[in-house]
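Read the structure below first, then the notes.
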Amino acid sequence: MKTQYYTATTLDGFLATPDDSLEWLFALPKPEGNTYADLIANIGALVMGSATYEWVLAHSGEVEAETGSSWPYQQPTFVFSTREQKLIPGADIRIVQGDVRQHFPDIKSAASNKNIWIVGGGDLAGQFYDAHLLDELILHVGAATLGTGKPLFPRLSQRGTLHITSVHHHGPGFAEIRVEVKREGAEEWESK
């Protein structure tokens with residue numbers, strides 16, 4: 001079981017523009033040999049922040065055209081939000097708030113020994129990193145720059161905890177970089 005942050009980022013390390021636009025991502029050619037199908041087959045639970053969840057809701061028509069459903073996930077989804085959120089009928093969406101460590105036992109239980117996918121955003125992934133609960137970053141680096149926006153991973157990591165394990169070319173627009181995270185201190189939280 002792994003906790004994985006799987007996302008797309010620009011060359012200069014942004015997920016989206018300051019107003020949460022992903023137009024840069026959709027303007028690039030689709031990745032060749034995309035690893036999404038393999039990832040989602042091994043995911044037992046998803047975690048996302050409120051901006052990511054609200055983006056999916058706001059773009060439900062586009063999501064449905066791409067995936068066949070306005071909510072494309074079958075897995076339980078934990079949305080970290082301090083705001084009231086609209087729920088999608090029939091979807092297993094759990095709105096939570098507070099420290100990620102507080103909710104990790106429930107997330108892990110919901111995942112049923114499968115992997116946990118941190119969908120976004122970068123600060124939420126950083127909170128899992130800070131709590132020593134993040135195992136891997138799977139980054140699809142797109143051939144685009146934004147100059148400013150929502151950062152990929154707004155954390156200082158100079159402790160030698162991040163190790164690149166693979167880099168793969170996925171066509172003219174993307175490269176996938178896999179980064180292993182050494183999880184120091186995770187044992188005390190996993191046993192709760």
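The values are calculated or read from the model by the stated rules, or taken from the named source; none is laboratory data. Predicted model, so just to flag it, every value in this text is computed and none were measured. Counting neighbours? That spans all protein chains shown, and the Cβs are built from the backbone with ideal geometry, glycine included.
Quick grid of which residues meet (1) part of a loop (DSSP other than H, G, I, E, B); (2) under 19 Å from A16 (Cβ atoms); (3) charged (D, E, K, R); (4) at pLDDT 95 or above:
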{"site": "G44", "(1), (2), (3), (4)": "no, no, no, yes"}
{"site": "T82", "(1), (2), (3), (4)": "yes, no, no, yes"}
{"site": "L87", "(1), (2), (3), (4)": "yes, no, no, no"}
{"site": "R94", "(1), (2), (3), (4)": "no, no, yes, yes"}
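The set of residues from the stretch 117-157 being within 18 Å of E180 (Cα to Cα) and of a type in the set (S, T, N, Q) comprises Q127, S157.
The residue that is surrounded by the fewest Cβ atoms within 10 Å (Cβ to Cβ), among those in the stretch 96-117 that are assigned to a loop (DSSP other than H, G, I, E, B), in contact (Cβ under 8 Å) with a residue 40 or more places away in the chain and of a type outside the set (S, T, Y), is N113.
For residues that are of a type in the set (S, T, N, Q) and crowded, with 18+ Cβ neighbours inside 10 Å, scanning just the stretch 1-26, find the one that is nearest to the chain's Cα centre (by Cα). Top of the filtered list is T7. Here S70 passes the criteria (1) modelled with pLDDT of 95 or more; (2) outside any helix (DSSP H, G or I); (3) surrounded by 16 or more Cβ atoms within 10 Å (Cβ to Cβ) except the one numbered (1). When every residue of the stretch 48-63 is checked against the conditions, at least one turns out to be β-branched (V, I, T), at pLDDT 90 or above and on the phi < 0 side of the Ramachandran plot.
Contact annotation: residue pairs with Cβ atoms under 7 Å, 6 or more positions apart or on different chains, pairing a residue in the stretch 52-65 that is touching a residue at least 60 places away in the same chain (Cβ under 8 Å) with a partner that is not β-branched (V, I, T), are T52/G120; T52/G121.
Of all residues in the stretch 162-186, which are touching a strand residue (DSSP E or B) at 6+ places or on another chain (Cβ under 8 Å), within 21 Å of L15 (Cβ to Cβ) and not in a strand (DSSP E or B)? Listed by number, the residues that qualify are H170, G173. Taking the stated definitions as given, is G171 over 22 Å from G44 (Cβ atoms), surrounded by 13 or more Cβ atoms within 10 Å (Cβ to Cβ) and at pLDDT 95 or above? In short, no.
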